[in-house]
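What follows is a short report on a single structure.
The values are calculated or read from the model by the stated rules, or taken from the named source; none is laboratory data. Just so it is clear, the model here is predicted, and its values are computed rather than measured. Cβ placement follows ideal geometry from the backbone for every residue including glycine, while neighbour counts extend to all protein chains displayed. These accessible areas exclude ligands, DNA and RNA; they are computed on the full protein's heavy atoms, side chains included. Shrake-Rupley method; radii C 1.70, N 1.55, O 1.52, S 1.80 Å.
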Amino acid sequence: MIPLQQLGHTRSTRQPTHLLHTPDAFVRIPLPGLIGGDAVVHAAPALGAGFVQYSATLSPKGKLTPCAHQRFLYMLEGEASVIGPQLDQSVGAGAFVYMPPTQPTTFIANAPCRCVVIEKKYEPLPGVPVPSAFVGNEAAIAPQPLGGDESLMVRTLLPTHFGFDFAVNTMTFAPGAALAQVEVHVMEHGLLMLEGGGIYRLGEQWYPVEAGDFIWMAPYCPQWFGAIGKQPAKYLIYKDFNRTPAL
Ligand code: UGY
Ligand code: MN
């Protein structure tokens, strides 16, 4: 029997400056190039975003074939192989992969896999080489306190030089920790809650959020987060970065 879906209630909401996308509202769809799997597309130009972000679920031998743009992938669960012109590596939970548009790279699941994928058109800078594909692991990256606050630790997954036109970080908040300011900035965000929960201020609203939720924040969307509960809250956050806004 199909359950009554909470009489039409969901925490998900789409506003002009932000989207809160909660698992009860996810719709799985096939995508060309995602073979043996399906995706929940959280952010896309249709929403107003300058990038695409989706969660993908793959069965063993399922594949993500190369795309025309640069791609970043973060492994949530499972085991896979990453195969490209100069890459042949296996990855597990906590690993991530950067794939530039210039190196067609295939991702093949060796076990049931869940991953987050971010795709963005590369914005070249004169004289700055396009980065090469690489695999990293979050556990190997030293966390840094944000603005000296030891209760809010940031891991910067991509190198910070101008070859990269976006950043992806994880941010871990001890229970009770919060952003020191309401941020308002030119960058947009794609955020996936990985652990714990708290309250996210987006624009003029305050939302309870928890692991599994996705948030898109438009440029200049006022944003603030405070962790609530007895366990740390952690999220994976994308932002466009390292480029002068175009006129
Ligand atoms: O990198 C950031 O802008 C980050 N501090 N934003 C956020 O957590 N909402
Ligand atoms: Mn921010």
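Of the trypsin sites (Lys or Arg not before Pro) found in segment 168-247, those in coil by DSSP whose Cβ has at most 10 other Cβ atoms within 10 Å are 230. Counting charges near residue 152 (Lys, Arg +1; Asp, Glu -1) among other residues having Cβ under 15 Å from its Cβ returns a value of -2. Of the three principal axes defined by the Cα atoms of the chain, the extents in descending order read 54, 46, 37 Å. The magnitude of the dipole of the chain, with charges of +1 and -1 set on the Cβ of Lys/Arg and Asp/Glu and taken from the Cα centre, is near 320 debye.
When the chymotrypsin sites (Phe, Trp or Tyr not before Pro) in segment 130-177 are filtered for DSSP coil states and for at most 15 other beta-carbon atoms within 10 Å of their beta-carbon, the remaining sites are 162. From Cα pairs below 8 angstrom and at least 6 apart in sequence, can you work out the relative contact order of segment 26-139, rounded to a whole percent? Computed over segment 26-139, the figure is 28 percent. Taking the centroid of alpha carbons for each part, segment 201-237 and segment 82-102 are 29 Å apart. Count charges around residue 174 for me, please; just the other residues with Cβ under 11 Å from its Cβ, Lys/Arg as +1, Asp/Glu as -1. Combined, the nearby Lys, Arg, Asp and Glu give 0. A simple count of charges around residue 143, restricted to other residues whose Cβ falls under 15 Å of its Cβ and scoring Lys, Arg +1 and Asp, Glu -1, yields -2. Surface exposure of the chain, expressed per residue as accessible area with a 1.4 Å probe, stands at 48 Å².
Subtracting the Cα-Cα distance of residue 206 and residue 244 from their residue separation scaled by 0.36 nm leaves 10.6 nm. Take the Cα of residue 93, go 7 Å toward its beta carbon, and the backbone nitrogen atoms of segment 187-221 under 17 Å from that spot belong to 193-197, 211-213. Along the Cα-to-Cβ line of residue 31, 7 Å from the Cα, sits a label point; which residues in segment 184-226 have backbone N less than 16 Å from it? Zone members listed by number: 190-192, 214-216. DSSP loop (so not H, G, I, E, B), at most 12 other Cβ within 10 Å: list which GluC sites (Glu not before Pro) in segment 170-247 pass both filters. In loop regions of segment 170-247 (DSSP not H, G, I, E or B), the sparsely surrounded GluC sites (Glu not before Pro) are 204.
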